[in-house]
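**Q** Sharing a structure here in structure tokens format.
The values are calculated or read from the model by the stated rules, or taken from the named source; none is laboratory data. As the structure is a computational prediction, the values presented were derived from the model and not from experiment. Backbone-built Cβ (ideal geometry, glycine too); neighbour counts: all protein chains shown. Protein only, heavy atoms only, side chains kept; ligands, DNA and RNA dropped before computing areas. Shrake-Rupley method; radii C 1.70, N 1.55, O 1.52, S 1.80 Å.
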Amino acid sequence: MYIGNEAWHSRPLDVHRVSDHPEFNSLVALVLDSSSALVNYLSIPSRTKKSKSDGFKVFKALLLDLYVCWLEDKNQWLGISSNNNAWITGSRYNKLFISKNIVRLLLKLESLGLLNVLPHRHSDIDRPHLNHSKRYKASDKLQSLFLQSCLSFDDLGVPLGEVVVLRGGDVDANGDATGKTSTLEYEDTPATVVMRADVMAYNSLLARHHIDIGSLTKPHVEIDYWDKNRRVNAKINIMIGQHNKYVYRVFSRGSWDCHGRFYGAWWMRISKASRADIVIDGCPTIEVDFKSMHIHLLAQEAGVLLPPDPYSLNRVYIEGLKRPEQRRWVKALVLHCINAKTLKSAFRAVRSDAGGDKLMRAVTDKQLKLLLDGFLAHHPSLQPHMGSDRGITLMRKDSDIAAEVIRLLTLQGIPVLTVHDSFIVKSFHWVDLRCAMGMASIRVAGRDLLADQDGFVACREQGYETYALGALKLNYWGRQCEMSSRRQELFKRFAGRAVVTGLGSRRSSEG
């Protein structure tokens, strides 16, 4: 029976995480000792001759992610496909060679009372966005065994999945496929080989550094988001830890020319206000953004220079809006128009993504067209790009700039955290970051794009020195709380034990 909205408090199964930690081996033994029927089942030879995994390996991979899911949130579910075609043992996205035998294993664990299950939903023709795969989580019986384990997030191994992902269709804000589109197999090219090596080198660097939010006594952040499935404002917890700080690149629409952004790490899902408290190895950090990046990339193509903030207009076009509010509307409208194939679909997307803003959700097409015309009157060179579906290729360009920033700083051993067009480093690496951003934007876009930090805007022509002095004076020099310091000390104690061989972890926070 389908149970309300409970199924949406979930995340996809991640079978790419492995662990040889003694505590995990003890947990495996504890679960097996609790059920001789399970031991007998796992001892049966695989019916899939081509499968390179045995029953115990599949069981350990599944058990580990069930345990991680439980650690993250006791009420969270795992979404797992029952379709045999979802488990292709020869896939580059299935590094542990998990076969379709996992479907039978899930049925067995359910029959033994170790799993709770929510059935899949696929028959809602009028509301297909409510369809979902089966949901699983540890039953009370299995949770009682989990309670006997001391395995922590810091004891978890590094995921082993693919770090260069090609999706067949579009992706959502977390890099996951939308609708029924699948992840595509591909033959490596010299370009993908270089990409993979760069991402793996970057992940290896991140593995050696402790990344935390220094003000948190408990390692999680609650965020607000608009749940499109339930049409309500909702809250989720994002786990802040060393087990989910690794990244991968995602391309979409079956093309290497589309998308390419980085996903996976916890700092990509929290608010900018929360990111202000990030510490790297206990040091305060500073964040620098490319200013209005896609707009300036389009202007570069047209050979036009725009003002630092192209979204601020000299008059109010919709009655009742104040200028700061109008700027937010203009930004959302213009970006949707660049991403959408038609203006009508862009206007619809503005209302759909308005979240809790009731006024924006009620705005008419006529009002949005008036606002768009006002923007284009200020910046006529951008007219051809409205309703052009250009966003997907602009993302490829901004992701290449991000990849170059990451590559340049990784070569120097400087950990940098990226949130698409925004970058975070230890405060005393500010100059290194800004130089890398300038070099990357010139190499990829042909121009040193505007950067923004704490209200300051700077480019190479304006000079860095005055900007650096003013911006650094405003930098937040927060102090690391005692619990964050303890987490850092534990990390130091066990750092270097794991070896990064790749990453394919999906979201490891609730959602």
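**Q** Can you spot the aspartates and glutamates whose alpha carbon is less than 20 Å from Lys369's alpha carbon? Ignore those fewer than 8 places along the same chain.
**A** Glu319, Glu325, Asp353, Asp357, Asp389
**Q** I'd like the GluC sites (Glu not before Pro) in segment 258-342 restricted to DSSP loop residues with at most 11 other Cβ atoms within 10 Å, sorted by number. Don't skip to the end; give the middle numbers.
**A** Numbers: sites: Glu287, Glu301, Glu319, Glu325; in loops: Glu319.
Counting only loop positions with at most 11 other Cβ atoms within 10 Å, the GluC sites (Glu not before Pro) in segment 258-342 are Glu319.
**Q** Okay, moving on. Hey, with R₀ at 45 Å, roughly what FRET efficiency would Lys322 and Glu6 work out to, going by the Cβ-Cβ distance, to 0.05?
**A** On the way: r = 40 Å, r/R0 = 0.89.
Using R0 = 45 Å, I get an efficiency of 0.65.
**Q** Could I ask something else about it? In terms of Cα to Cα distance under 29 Å, which lysines are near enough to Lys235, apart from those fewer than 8 places away along the same chain?
**A** Lys74, Lys134, Lys137, Lys141, Lys180, Lys218, Lys245, Lys272, Lys291, Lys322, Lys331, Lys358
**Q** For a quick check of understanding: with a 1.4 angstrom probe and all protein chains in place, what accessible area in square angstrom does Ile88 have, to the nearest ten?
**A** Rounded to the nearest 10, that gives 100 Å².
**Q** Hey, any idea what % of segment 307-351's accessible area is carbon plus sulfur with a 1.4 Å probe?
**A** On the way: 1320 of 2410 Å².
Taking all protein chains in place, segment 307-351 shows 55 percent carbon and sulfur surface.
**Q** Using alpha carbon centroids, what distance separates segment 299-313 and segment 163-194, in Å?
**A** When both Cα centres are located, 32 Å separates them.
**Q** Let me ask another. Using protein chains only and a probe of 1.4 angstrom, how many square angstrom of Asp14 are accessible, to the nearest 10?
**A** Accessible area of Asp14: about 10 Å².
**Q** Top to bottom by accessible area (1.4 Å), largest first, where do Leu450, Leu27 land?
**A** Details: Leu450 25, Leu27 5 Å².
These residues rank, largest area first, as Leu450, Leu27.
**Q** Using the beta-carbon distance between Ala29 and Asp170 and R0 = 45 Å, what value does 1/(1 + (r/R0)^6) give for FRET efficiency, to the nearest 0.05? Each step should come with its number before you reach the end.
**A** Numbers: r = 44 Å, r/R0 = 0.98.
After rounding to 0.05, the efficiency reads 0.55.
**Q** Next up: Order the following by accessible area, largest value first: Val194, Val221. Probe radius 1.4 Å; ligands, DNA and RNA are ignored. Intermediate results must be reported in sequence, preceding the final value.
**A** Details: Val194 85, Val221 15 Å².
Heavy-atom accessible area, descending, gives Val194, Val221.
**Q** Students sometimes get this wrong: rank His378, His296 by accessible area, probe 1.4 Å, all chains present, largest first. It would help to have the intermediate numbers written out before the result.
**A** Details: His378 70, His296 10 Å².
Correct descending sequence by accessible area is His378, His296.
**Q** Follow-up question, since we're still on this one. Around Ser82, which amide H atoms from residues at least 5 apart in sequence, or from another chain, sit under 5 Å from its own amide H, with H modelled in the peptide plane?
**A** Long-range HN contacts for Ser82: Lys134.
**Q** Suppose all protein chains stay in the model; what accessible area per residue would a 1.4 Å probe give for segment 320-369, in Å²? Numbers along the way, then the final one.
**A** On the way: 2770 Å² over 50 residues.
So segment 320-369 comes to 55 Å² accessible per residue, rounded to a whole number.
**Q** If you count only protein heavy atoms and use a 1.4 Å probe, how large is the accessible surface of Lys341, to the nearest 10 Å²?
**A** 150 Å²
**Q** Would segment 365-434 count as rounded, prolate or oblate if I go by the C-alpha gyration tensor, calling it rounded below 1.5 in a/c and otherwise prolate when a/b exceeds b/c, oblate otherwise? Working shown, then result.
**A** On the way: a/c = 3.66, a/b = 2.61, b/c = 1.40.
The shape class here is prolate.
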